[in-house]
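One structure is given here, and the rest of the page talks about it.
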Amino acid sequence: MRKIMGAKVLFFFALLSFSAVSAFAQDEEDQGLVMNFYKDSCPQAEDIIKEQVKLLYKRHKNTAFSWLRNIFHDCAVQSCDASLLLDSTRRSLSEKETDRSFGLRNFRYIETIKEAVERECPGVVSCADILVLSAREGIVSLGGPYIPLKTGRRDGRRSRADVVEEYLPDHNETISGVLDRFAAMGIDTPGVVALLGAHSVGRTHCVKLVHRLYPEVDSALNPDHVPHMLHKCPDQIPDPKAVQYVRNDRGTPMVLDNNYYRNILDNKGLLIVDHQLAYDKRTRSYVKKMAKSQDYFFKEFSRAITLLSENNPLTGSKGEIRKQCNLANKLH
């Protein structure tokens, strides 16, 4: 009888030990997003990404704009899972080829960064984390704030091209539509105002502007700014493949700063949403505050980018770590 009781006790403690180990393993497996996720598995990962972004920026200044757009176009569409980077297949269209992604480019340089990381730590760092961290370093390259961001994302296996328009606002969507879409991700009004401050860098293709110039000039535009826009966009129906564009900010086109807010208060915003941002009663006070204080702009911008980067990521055993960022592993 004692032997039987002893065996039961041993079995009970063995079961407890197994459960504890299993629970610990599960916690270890999916700790979600954390700061410095790769500190043990690939301690050089973030430094490698930083160095690669710096090298690429020296050679191709416009890569920084691409990194910044990537985080928006990827993370705003259901999940921050690098689905944006996947190429089209016979069965699915790439998000890169949708109308909302017009003008996105430089994806090959994400592969350059991925290859550098793979040389150090094969099969460890996700393309989703590379996309997010390259955006952070791109922001710094443009004179913006350094934003501490969590890592530990994994890569999705499929394109989300079929739902892109449900999540990404159009370039001329109403401010109400823009606020609603971002609110669904947990980003409040000052956060939205700050994110649109990314329009202080880069350029806007004439395809997105001509409806404000032809057949009649939009009366809301600053008349002093119109001749420059007409000079840059002389065709009522511009060729989408032609290099016809207007700099978002003529004063500091390569610097992420609060000049954007002063421009839109002066009716020099290029897009409809820029103009609405400056005059809608829900956003105007934040625009005026950011126009006065770059520190406030950077504070709200950093907070909004952090929220965007943490939008519904795949972690733990979900998704995969792609070998190549433009292909799911089953197609590699």
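The numbers here are math on the coordinates, done by the rules we state, and not lab data. From a predicted model like this one, the values you see are computed outputs, not experimental measurements. Positions of Cβ are backbone-derived with ideal geometry, glycine not excepted, and every protein chain shown enters the neighbour counts.
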Enumerate the amide H contacts of Thr151 below 5 Å, restricted to partners 5 or more residues apart or on another chain; note that Pro and chain-start residues carry no placed amide H. Val34, Met35, Asn36, Phe37
Give the longest segment of the chain that steers clear of chymotrypsin sites (Phe, Trp or Tyr not before Pro) in DSSP loops with at most 14 neighbouring Cβ atoms within 10 Å, not counting the sites themselves. 147-332
Please return the longest stretch of the chain lacking exposed loop sites, where trypsin sites (Lys or Arg not before Pro) count only if DSSP places them in a loop and at most 11 other Cβ atoms lie within 10 Å. 92-240
Computed E for Arg284/His231 - FRET, C-beta separation, R0 35 angstrom, nearest 0.05: 0.70
FRET efficiency (Val243, Leu265; Cβ distance; R0 22 Å; to 0.05) is 0.15
Crossing angle, helix 63-75 versus the chain [Cα axis fit, 0-90 degrees, rounded to tens]: 60 degrees
222 nm mean residue ellipticity, helices alone, for the chain (DSSP H n ≥ 4; -39,500 (n - 2.57); rounded to 500): -14000 deg cm²/dmol
Residue among Pro253, Pro238, Pro227 with the largest mean-square fluctuation in a Gaussian network model of the chain, springs linking Cα atoms under 10 Å: Pro227
Quick check: the distance between the Cα centres of the range 192-214 and the range 270-289, to the nearest angstrom? 13 Å
Can you tell me the FRET efficiency between Lys299 and Thr174 if r is taken as the Cβ-Cβ distance and R0 is 22 Å, rounded to the nearest 0.05? 0.25
Tally Lys and Arg at +1 and Asp and Glu at -1 over the other residues with C-beta under 12 Å from the C-beta of Val178: what net charge comes out? -3
Taking Lys292 as the anchor, which aspartates and glutamates have their alpha carbon closer than 16 Å to its alpha carbon, excluding any fewer than eight residues away along the same chain? Asp257, Asp266, Glu300
Take the cross-link list Lys50/Lys323; Lys58/Lys114; Lys54/Lys288; Lys39/Lys114; Lys50/Lys114; Lys54/Lys150 and give me the ones stretching past 22 Å between alpha-carbons. Lys54/Lys288
How big is the charge dipole of the range 165-238 about its Cα centre, in debye rounded to the nearest 20, if each Lys and Arg gets +1 on its Cβ and each Asp and Glu gets -1 on its Cβ? 300 debye
Return the distance in nm (one decimal) between the two label points of a simple spin-label model at Ala183 and Glu165, each offset 7 Å from Cα along Cα→Cβ. 2.3 nm
By the Cα gyration tensor axes a ≥ b ≥ c (a/c under 1.5 gives rounded; else a/b larger than b/c gives prolate, otherwise oblate), the shape of the range 248-296 is oblate
Straight-line reach check, Lys208, cutoff 13 Å on alpha carbons, 8 or more apart in-chain or any other chain, hits among aspartates and glutamates -> Asp99, Asp170, Glu173, Asp235, Asp239, Asp274
Size of electric dipole in the range 44-166: Cβ of Lys, Arg +1 and of Asp, Glu -1, about Cα centre, debye, nearest 20: 220 debye
Going by alpha carbons, how many degrees (0 to 90, nearest 10) lie between the helix axis of 2-29 and the longest principal axis of the chain? 20 degrees
Any idea how far apart Arg250 and Ala220 come out in nm if each label point goes 7 Å out from Cα toward Cβ? 2.0 nm
